[in-house]
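Undergrad: One structure, pasted below without further comment.
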Amino acid sequence: PYKRNSKGKLEPCSWEEAFQIMTKVMNSLNPNEMASIVGGQACLESIVALKDVMDSLNVVNIDSRPILSKLPINKKERSGWLFNPKISGIEEIDNLLIIGSQPRYEAALLDARIRKAWLENNIQIARIGGGDQSSYPINELGNDADIIDKIFKGKHNYNKILDNSYKTLFLIGESVLNRKDGAGILGRIREIAKKYNNYTDDWNGIGVLHTEANRVGALEAGFVPGKNGFDTKGIIEGMKTKQIKLVWLLGYDEEITEKQSESFVIYQGHHGDKGAEFADLILPGSAYTEKNATYINTEGRVQRTYAAVPPPGNAKEDWKIIRAFSEYIGKTLPYNNIEQLRNRFERINKTFIAENSVIKSEVCDIGDTKIRLNKSEIKPLEINYFMTCPISRSSETMAKCSIAKNKLGI
């Protein structure tokens, strides 16, 4: 572990000292002055353990969604965060509408499925939101959000294609749901899909494509704001206004571009990325190669990693750090090993405990058609394909690939 000393420099400390510092700061604050954000690569075990600690401290300012995100937080609305048709469902469709996404960069293997469907089934592919060329032909409908409104009202040429399609997949990029009018776009897509029988119990054609490994897991675990709690944007703004005086970042390295305020920042992670740079206390966790862990992918499939090597130095498995701290502050979590922790999963969702099982959604009214769409263009996320996470950003090989790509202008 590392602590920031009186001169503003990070220096090594013991686990005991790290927990002492955390406890001292937390004891001086009210629950509404504390917050926590988890990143997209945090494992389900650590997310559940941190959520349990936050609940024991009555902290409701927690979130796992990007800033401005309009992803739903109610589990009854999980159709609004899952890739509902499943990845294998791409091979069943005859029509694909991509909205604000570049699967080529955001999910290369899923993109290969799209190309396979085009080659074998000659599917029609259209896109709203533009992007780079792909390995299959795309009918570019334009970048304006107004196009979605026109399709919603039945006043666009694309409605004819939907009329003649028997199974359409609406692939929604994360950038769409990170807009202020994201819920309005989602609501309109839901109604369009429903009108053309692509949002039913038999075929749910709405697929949200996440760019992070376990964002679905965090949403399923309920790592979202409690009653009157701040979301990610509120937490970061609260740090600036001194409403939030302590924030615990679990593998969270986004939207942290500078020391936001005098807030005390705890960073728990493994590669010393952006979040660690401004932390007052660093708790060294484990990468996915260094622990047995559970993740849930974009389609809701439960997946497991198995430790290939032990964590280096004094680093620990993330859930064990959180469990040890809970005992230190007298809020001991009721599990002592990973089997007991995974039994805790069962109370959240029985699907969590079965590797390779898929979480299913129900058809419901996701989004809100009453929200007006703004005039800003729909754009896919800007992604450096070779450096998308703390692990790849610390890789010399990936850095060389990124530099070569820029030199070649591709």
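Undergrad: What does the net charge come to around G80 if you take all other residues with beta carbon closer than 15 Å to its beta carbon, with K and R at +1 and D and E at -1?
TA: +2
Undergrad: Please report, in Å, the Rg and the Dmax of the chain, where both are computed over Cα atoms only.
TA: Every Cα atom of the chain included, Rg and Dmax give 21.9, 69 Å.
Undergrad: Further question: Do any GluC sites (Glu not before Pro) in the stretch 335-410 lie in a DSSP loop with no more than 12 other beta carbon atoms within 10 Å, and if so, which?
TA: Working: sites: E339, E346, E355, E362, E377, E382, E396; in loops: E355, E362, E382.
Sparse-neighbourhood loop GluC sites (Glu not before Pro): E355, E362, E382.
Undergrad: Simple spin-label model, 7 Å along Cα-to-Cβ: D163 to E327 in nm?
TA: Simple spin-label model gives 6.8 nm for this pair.
Undergrad: Solvent-accessible area per residue for the stretch 125-243 at a 1.4 Å probe radius, Å²? Display every interim value, and only then the final one.
TA: Details: 4770 Å² over 119 residues.
On a per-residue basis, 40 Å².
Undergrad: Just the accessible area per residue of the stretch 339-410, please: how many Å² with a 1.4 Å probe? Before the final figure, lay out each step's value.
TA: Values: 5070 Å² over 72 residues.
I get 70 Å² per residue for the stretch 339-410.
Undergrad: For the pair E191/S357, report the inter-label distance in nm, with labels modelled 7 Å from Cα in the Cβ direction.
TA: For E191 paired with S357, the spin-label model returns 3.7 nm.
Undergrad: Still on this structure, please answer the following. Nearest 20 debye, what's the magnitude of the dipole of the stretch 92-146 about its Cα centre given +1 on Lys and Arg Cβ and -1 on Asp and Glu Cβ?
TA: 240 debye
Undergrad: So what's the net charge close to L381: Lys and Arg +1, Asp and Glu -1, counting the other residues with Cβ under 9 Å from its Cβ?
TA: -2
Undergrad: Identify the trypsin sites (Lys or Arg not before Pro) of the stretch 370-410 meeting these criteria: DSSP loop state and at most 15 other C-beta atoms within 10 Å of the C-beta.
TA: Details: sites: K370, R372, K375, R393, K400, K405, K407; in loops: K370, R372, K375.
For trypsin sites (Lys or Arg not before Pro) across the stretch 370-410 that sit outside H, G, I, E and B with at most 15 neighbouring Cβ atoms in 10 Å, the list reads K370, R372, K375.
Undergrad: To continue, here is another question. Of P380, G300, I366, which is farthest on the positive side of the dipole of the stretch 298-410, counting Cα position, with +1 on Lys and Arg Cβ, -1 on Asp and Glu Cβ, and the Cα centre as origin?
TA: Farthest towards the positive pole: P380.
Undergrad: I would also like to ask the following. Give me the percent of the accessible area of the stretch 90-214 that comes from carbon and sulfur atoms, probe 1.4 Å, all protein chains in place. Please report the intermediate quantities before stating the final value.
TA: Details: 2180 of 5110 Å².
Of all accessible area on the stretch 90-214, carbon and sulfur atoms account for 43 percent.
Undergrad: Right, next: Given Cβ point charges of +1 (Lys, Arg) and -1 (Asp, Glu) and nothing else, what value in debye, to the nearest 20, does the dipole of the stretch 1-151 about its Cα centre take?
TA: 360 debye
Undergrad: Here is a further query. May I ask for the net charge around Q133, where only other residues with Cβ less than 14 Å from the Cβ of Q133 are counted and Lys, Arg are +1 while Asp, Glu are -1?
TA: Result for the local shell: 0.
The values are calculated or read from the model by the stated rules, or taken from the named source; none is laboratory data. Everything quoted here is computed from the prediction, not taken from an experiment. Every residue, glycine among them, receives a Cβ derived from its backbone with ideal geometry; neighbour counts consider all protein chains shown. SASA here: full protein model, heavy atoms, side chains in, ligands and nucleic acids out. Shrake-Rupley method; radii C 1.70, N 1.55, O 1.52, S 1.80 Å.
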